[in-house]
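In what follows, a structure is listed as structure tokens, so that the remarks can point back to it.
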Amino acid sequence: MTRYILLRVLLALSVALGATFLIFLVVFALPGDPIQALTGGQHVMSASVEAALRERYHLDDSLPLQYLKYMGGLLQGDLGEDFTGRPVSAIIAESWPTTAKLGLTAFALEIVVGIPLGLWAGLRKGRPVDYAVLGGTILAFAVPIFVIGYTAQILFGINLGWFPVAGTEEGWPTSYILPAVVLGILGLATTARLMRTSLVETLSADFIRTAIAKGMPRRRVIVNHAMRNSLIPVVTYLAIDLGGLLGGAVIIEGIFNIPGLGFQIFEGIKQQNGPVVVGISTLLVLIFLAANLVVDVIYGVLDPRIRYE
Amino acid sequence: MTMPASETPLLEIQGLSVEFRARRAAPVQAVQDLSLTARAGECVVVLGESGSGKSVTAKAVMGLLEGNARTTAGSIRLDGADLLADPAAMRAARGRDMAMVFQDSLSALNPVQRVGDQIAEMFRVHQGLSKAEARTRAIELMRQVAIPDPERRARSYPHQISGGMRQRIVIAMAIALKPRLLIADEPTTALDVTVQKGILDLFRVLTEAGAGLVFITHDIGVAAEIADHIVVMYAGSVMETGPAREVLARPHHPYTRALLASVPRIERPGARTPIPGGLPDPADRPAGCLFAPRCPLATADCTATRPELESLEPGRAAACLRITEVQHVLAQ
Ligand SMILES: Nc1ncnc2c1ncn2[C@@H]1O[C@H](COP(=O)(O)OP(=O)(O)O)[C@@H](O)[C@H]1O
Ligand code: SF4
Ligand SMILES: [Mg+2]
């Protein structure tokens with residue numbers, strides 16, 4: 001098990017290196033000049049100030065060199081500053097709790113609603129409940145996320161007035177419920193479908209037949225034998241999804257005007273604010289990889305066949 | 001072994017028919033009018049080609065048929081109690097009075113549970129033993145089925161041990177509560193010959209200890225080794241039945257004879273005559289004798305009339321319209 005985890009960590013580290021380099025490449029190789037963007041294209045900056053800025057952000061170095069200098073800083077906990085001099089770490093520290101609250105609320109919904117819904121449908125395969133869940137999830141997949149977002153805003157925010165329409169002024173949970181539902185709806189649908197399919201598949205497995213032949217009560221057959229096996233793919237999905245949820249949601253944070261990481265990335269791209277985009281993206285990659293690492297470990301715990309390979 | 005006629009047999013299947021319903025297609029008749037008797041301390045081998053309905057029969061007895069299967073006729077009595085008529089009796093009997101050993105031990109075991117726990121579960125659930133007590137009993141049982149170093153083995157997961165060991169685990173699970181009836185569905189098919197022998201010996205010990213065994217196989221060599229009694233199945237029905245030694249030495253039914261001729265034997269190496277053709281389509285079965293399309297002795301009558309299983313001599317029966325002629329030819 002230790003060897004297994006060690007291997008995964010090494011793998012995650014190498015992926016992190018590759019991914020951050022790619023992000024770096026894409027952001028800083030973007031057409032357009034960040035200094036120009038900062039000044040709105042007008043030559044209000046003196047040549048010496050511009051040169052100082054270029055020096056400060058290593059803009060005149062070659063890309064690989066820029067990357068190395070950046071990573072060097074990163075290892076010392078320095079994510080750099082944006083072009084207005086604000087530390088990127090401060091921007092992250094400010095917006096991260098908002099994103100985390102939103103993401104974790106959505107995640108909780110996926111688990112608390114998605115798994116039981118999937119189990120219910122799976123145990124009632126081919127009955128009305130099963131079809132209702134199937135229909136609901138198809139609807140969730142089919143309707144674009146911003147349509148769901150705006151509809152929820154109009155219906156529950158404006159018409160019914162149950163929740164605030166936008167912003168985070170009323171704090172958790174009031175301000176977060178509506179955006180979390182919209183953010184989690186796809187994951188919830190996926191979780192329910194995965195759980196349902198996995199349970200149905202497991203219930204027809206030979207070892208379930210064995211458990212019945214052993215005279216095990218139905219409840220025990222389902223809980224002790226079917227559930228643990230059928231949870232394996234669901235947990236895998238959930239953990240990967242958590243990485244995504246914690247990475248902020250550009251669209252949802254935009255619709256509901258929530259100042260989280262996604263919001264900052266969006267602003268950063270608009271302003272060609274390279275350090276912010278790279279800094280936050282790097283963080284997201286690291287979160288995602290950490291989530292993957294957690295998946296691998298959970299997977300190993302749930303499935304001994306993997307643990308001992 | 002002879003029993004007084006008045007005694008209720010351990011397992012008595014009478015006129016069992018099982019069909020599978022299919023979407024937009026005629027139902028598949030997997031078992032038709034099948035009767036079979038098993039007694040304590042005896043091994044009945046159900047012998048037949050793959051697809052002849054052996055597993056379906058076993059699953060019907062254990063109440064493990066798939067959702068699209070239906071028993072359309074017949075009765076299955078365990079110690080006189082009709083299991084088909086009384087689902088509660090069926091549930092109560094499973095694991096306790098009757099148990100099953102499956103062909104593929106890897107898929108038959110829960111992949112994420114330690115094998116020792118899978119055995120111990122029998123004692124925990126059926127007898128309410130504590131974790132520690134159940135564990136001790138499981139290890140005792142593992143020793144009984146000749147698993148070396150059972151304390152260590154008990155902590156293994158199914159994929160970590162050999163096929164032979166796994167099958168012993170499945171057997172240990174099945175015999176945990178000393179069920180009177182044991183059904184084994186091709187328990188040695190997935191194993192190599194030396195391992196197979198050990199498992200057969202284990203089954204022999206169990207029948208000698210008084211268990212009634214229904215042993216399913218398509219392998220005549222295995223049947224010869226373990227059977228007291230043989231039931232030859234073809235296309236869902238019984239073709240011939242009788243004491244093992246007699247059926248194998250003097251087969252009556254043309255199908256049994258063809259089956260025996262289809263395997264190589266020591267006394268005539270190389271002389272192997274496979275049966276031409278294949279099993280009839282279970283959705284479109286012949287109206288007359290099920291074996292008629294492949295039978296070298298078939299006549300027009302055979303394709304029109306379904307033969308009944310008829311007693312020929314004490315303990316032996318066959319379902320063939322031309323049985324007297326066949327026997328006559330045999331005598332020469
Ligand atoms: N789950 C099923 N659905 C439909 N038909 C089935 C199913 N299981 C078995 N059958 C039918 O029953 C026949 C007998 O199957 P089986 O009892 O498994 O044969 P075997 O003698 O090899 O054990 C098959 O040929 C098939 O037509
Ligand atoms: S009844 Fe006819 S076809 Fe069937 S086995 Fe006997 S001789 Fe062959
Ligand atoms: Mg079979």
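The values are calculated or read from the model by the stated rules, or taken from the named source; none is laboratory data. Note that the coordinates shown come from a computational prediction; the quantities given were computed from them, not determined experimentally. Cβ sites come from the backbone with ideal geometry, for glycine too, and all protein chains shown count toward neighbours.
The figures follow:
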| quantity | calculated |
| --- | --- |
| Lone qualifier among A:ILE265, A:ILE287, A:ILE298, A:ILE251 - being touching a helix residue (DSSP H, G or I) at 6+ places or on another chain (Cβ under 9 Å) and within 14 Å of chain B (Cβ to nearest Cβ) | A:ILE298 |
| Cβ-Cβ under 6 Å pairs, at least 6 apart or on other chains, region A:177-205 side more than 15 Å from A:ILE240 (Cβ to Cβ) and in contact (Cβ under 8 Å) with a residue 12 or more places away in the chain, far side of a type in the set (Lys, Arg) and surrounded by fewer than 19 Cβ atoms within 10 Å (Cβ to Cβ) | A:VAL200/A:LYS125 |
| Elements of type strands (runs of 3 or more DSSP E) contained in region B:17-109, each with 1 or more residues being more than 10 Å from chain A (Cβ to nearest Cβ) | B:25-38, B:43-47, B:69-78 |
| Neighbours by Cβ (under 6 Å, 6+ apart or cross-chain): first from region B:186-198, within 14 Å of chain A (Cβ to nearest Cβ); second outside any loop (DSSP other than H, G, I, E, B) and within 16 Å of ligand 1 (Cβ to nearest atom) | B:GLU186/B:ILE216; B:GLU186/B:THR217; B:PRO187/B:VAL101 |
| A:GLY18 vs. criteria under 29 Å from A:GLU267 (Cβ atoms), at pLDDT 80 or above, out of contact with any helix residue (DSSP H, G or I) (no Cβ under 6 Å at 6 or more places or on another chain) and not charged (D, E, K, R) | yes |
| Test: residue in region A:31-40 that is modelled with pLDDT of 80 or more and part of a helix (DSSP H, G or I) | no |
| Pair list, Cβ < 9 Å and 6+ apart or interchain, from region B:41-54 residues that are under 17 Å from B:ALA258 (Cα atoms) and at pLDDT 95 or above to residues that are away from ligand 2 (no atom under 16 Å from the Cβ) and polar (S, T, N, Q) | B:VAL46/B:THR57; B:VAL46/B:THR217; B:LEU47/B:THR217 |
| Qualifying residue in region B:226-239 (condition: within 28 Å of B:MET90 (Cα to Cα), away from ligand 3 (no atom under 16 Å from the Cβ) and within 14 Å of chain A (Cβ to nearest Cβ)) | no |
| Residue within region A:182-199 that is within 30 Å of B:ALA120 (Cβ to Cβ), under 18 Å from the mean Cα position of the chain (by Cα) and more than 11 Å from every other protein chain (Cβ to nearest Cβ) present | no |
| Boolean, B:PRO276 is in a helix (DSSP H, G or I), away from ligand 3 (no atom under 16 Å from the Cβ) and free of Cβ contacts under 8 Å to residues at least 24 places away in the same chain | no |
| Residue, surrounded by the fewest Cβ atoms within 10 Å (Cβ to Cβ), within region B:207-240, restricted to residues that are more than 16 Å from ligand 2 (Cβ to nearest atom) and acidic (Asp, Glu) | B:GLU208 |
| Every residue from region B:173-206 that is surrounded by fewer than 19 Cβ atoms within 10 Å (Cβ to Cβ) and of a type in the set (S, T, N, Q) | B:THR189, B:THR194 |
| Selection from region B:210-225 of residues that are more than 16 Å from ligand 3 (Cβ to nearest atom) and of a type in the set (Asp, Glu) | B:GLU225 |
| Selection within region B:289-321 - free of Cβ contacts under 8 Å to residues at least 40 places away in the same chain and within 7 Å of ligand 2 (Cβ to nearest atom) | B:CYS289, B:ALA292, B:ALA298, B:THR299, B:CYS302, B:PRO307, B:LEU321 |
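This table checks each residue for (1) at pLDDT 90 or above; (2) away from ligand 1 (no atom under 16 Å from the Cβ); (3) in contact with a helix residue (DSSP H, G or I) (Cβ under 7 Å, 6 or more places away or on another chain); (4) β-branched (Val, Ile, Thr).
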| position | (1), (2), (3), (4) |
| --- | --- |
| B:VAL231 | yes, no, no, yes |
| B:VAL247 | yes, yes, yes, yes |
| B:ARG265 | no, yes, no, no |
| B:PRO269 | no, yes, no, no |
| B:PRO274 | no, yes, no, no |
| B:GLY277 | no, no, yes, no |
